[in-house]
1. With each pseudo-label sitting 7 Å past Cα toward Cβ, what's the Asp134-Glu202 distance in nm, one decimal?
2. Can you put Phe183, Phe241 in order of Cβ neighbours within 10 angstrom, beginning with the fewest?
3. Apply 1/(1 + (r/R0)^6) to the Cβ-Cβ distance of Asp550 and Lys509, taking R0 = 45 Å, and write down the FRET efficiency to the nearest 0.05.
4. Stretched out fully, how many nm does the piece from His423 to Gln500 gain, at 0.36 nm a residue minus the Cα gap?
5. How far is helix 169-186 tilted, in degrees, relative to the longest principal axis of the Cα atoms in the chain, given as a value from 0 to 90 rounded to the nearest 10?
6. Sorting Thr16, Thr456 on the 10 Å Cβ count, fewest up front, what's the list?
7. Tell me, in nm to one decimal, what length is gained between Leu557 and Phe571 on full extension, where the rule is 0.36 nm per residue of separation less the Cα-Cα distance?
8. In straight Cα distance, which lysines are under 30 Å from Lys190, not counting same-chain residues fewer than 8 positions off?
Amino acid sequence: MPFFQKFPSAFWLANTMEIFERMAWYGFYAVSTLYLTGSVETGGLGLSSEKRGIIQGIIPFLLYLFPVVTGALADKFGYKRTFFTAYAIMTPAYFLLGQPDGFWGFFFCFLLVAVGAATFKPVVVGTVSHVIDDKYKSLGFGIFYMMVNVGGFLGPIVAGIVRNDLGWPWVFRMSSIWIACNFIWLAFYKEPAARKAALTKELEEAKAKLAGVVQAPTTGGPPQILAALLRGGPTFIVAGFVLGWTPTLYALAGLVILSVAIRILVAVVPNEVRLLLRKSGEDVVEVLGNGAFFVSTVGTIFLLMLAGGEWISWGDMGILIAVLIVGNLIVDMFLKKRSDAEGLWQSAKVGDWRFALYLLVLSGFWTEFNQLFITLPEYIRDYTNTNDILRTLQGMFHTLGLSGSWQGFLDNMTRAEGVNVVHNINPEFLINIDAGAIIIFQVLISAIFAKRKPFTTMIVGTILTGVGMAMNIYGGMGWVVVMAIFVFAIGEMMASPKSQEYVALIAPKSKTAMYMGYYFVSVALGNLFAGILSGQLYGHFGPADRGGIDKPGTMWLIFGIIGVATALILFLYDKIVIRHRPTERASA
């Protein structure tokens, strides 16, 4: 059978739409740091590194959580409708990203992009999954993830060129155009025949799982709102004294409005969607933890966001987190005596603590991984002199008889900066070496390490990403940055796919698919931690004219240590936690 005939047209359409969606995302995201922190005179927003970091932390964090809801809606309303909805959101959202001139305007436009992207993600993956024959599944997903990198490679190239030639507004217009192109491919898309059968099966599994689940009582017994007040009230009271009552009451009102909105959403969605969401909730309890556990967890994350955005001090954050955790521990001491408790009246329980710990540790990898896209562009712009690369490339142009094309290359790939008009290669082109290396070498790297244990490959790869980050200590020279990105890319090609394979090895054999579905939690946490750390560290160690101490090497050393430390903790995790777990799971 010819290669292309092994897969139906829906598979190739899904891959095409994935390329264009990734071109839109990475075309914008690769230059987002430069836009957010660029001066107003050059068309940027002129935000501080700290404010830039909190935007790049919170929004991608939410993007990786939204598919829990959007995926359930897609299963009910159909993939084609959901694709249309995603494009209808993202097309104007990307255009609107270039319109605000301040933090909050950009934040909410970016949030709109995230909603659209989160609507797109589950249906494109679902399409690929449903239309591939089982015997070609591995090959099909390999092609799909290759297309992700093709889009991630092409998008920044186009964005960099239009940024040079046409200015910042066209970066956002091009992302909007790439998404709009997907309406064309969508016209030829047909709903996967297997989707309805898969939905029926999923609903049956949901009913079976929920059959023995007792719902928290809505009448009789202590109301859940009282439990919520016991768990969160002390923190809000202390916040009133520490931060002032006005912002505290605003936060409380926002929490109430969010809770009411969620209850309304759950009430109005079709029964099938509600059933799937309930099943997802029970899965979360089984894998991660119950509602009482998430009161402390989500509260801590929210306070971390506030401190990262400089809305509260780090000291105040520490006080409020301590009150939140200690208060909930005290409540749990009294609730442990109740065996019939439901909802928030239950004592806090972690689901599979081994798996939850793995996700938390692995977030360290994603924390340093994201520095490639959110910290390195700003560093290259402020500190890296790429003249050494340009001299080498100019010599190559001359050797190949292309000297006449040199000026055109400079115009498209560099920006003239400074009084003496020093050309520097755009940061987005340099960080794009990562995507290019993955396209060229991923198959080779995968073949080399195919017979190695996933855990060993993941550890070595994580160490290499840390080494690549640390090499930027000497990133004042262009070729050093190139080598650092290449070393990082080799580590990424080893660690990223194996970290998912490792989940399949440590999860209960009968629940591998469910556990794989929660792998994204580590990515979400990594994005959040990455954004906050990037903003805080670059703001402190960055250029003196923007309030820093002008020692960026220390920052890169910290990021490198995070990578190596993550590898070390993963090694200890495997030796101490996994080796002594119940024998239901496979050996890693």
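1. 2.0
2. Least crowded to most crowded, the residues run Phe241, Phe183.
3. Computed FRET efficiency for Asp550 and Lys509 comes out at 0.25.
4. Extending this stretch completely gives an extra 23.6 nm.
5. Orientation of helix 169-186: about 60 degrees from the principal axis.
6. Fewest-to-most Cβ neighbours within 10 Å comes out as Thr456, Thr16.
7. Result: 2.9 nm gained on full extension.
8. Once the sequence-local lysines are set aside, what remains near Lys190 is Lys6, Lys76, Lys80, Lys121, Lys135, Lys137, Lys201, Lys207, Lys279.
Taken together, the values in this text are just the output of simple stated rules run on the coordinates, not laboratory data. The shown structure was predicted, so the numbers you read here are calculated from the model rather than taken from an experiment. All Cβ positions, glycine included, derive from the backbone under ideal geometry; neighbour counts span all protein chains shown.
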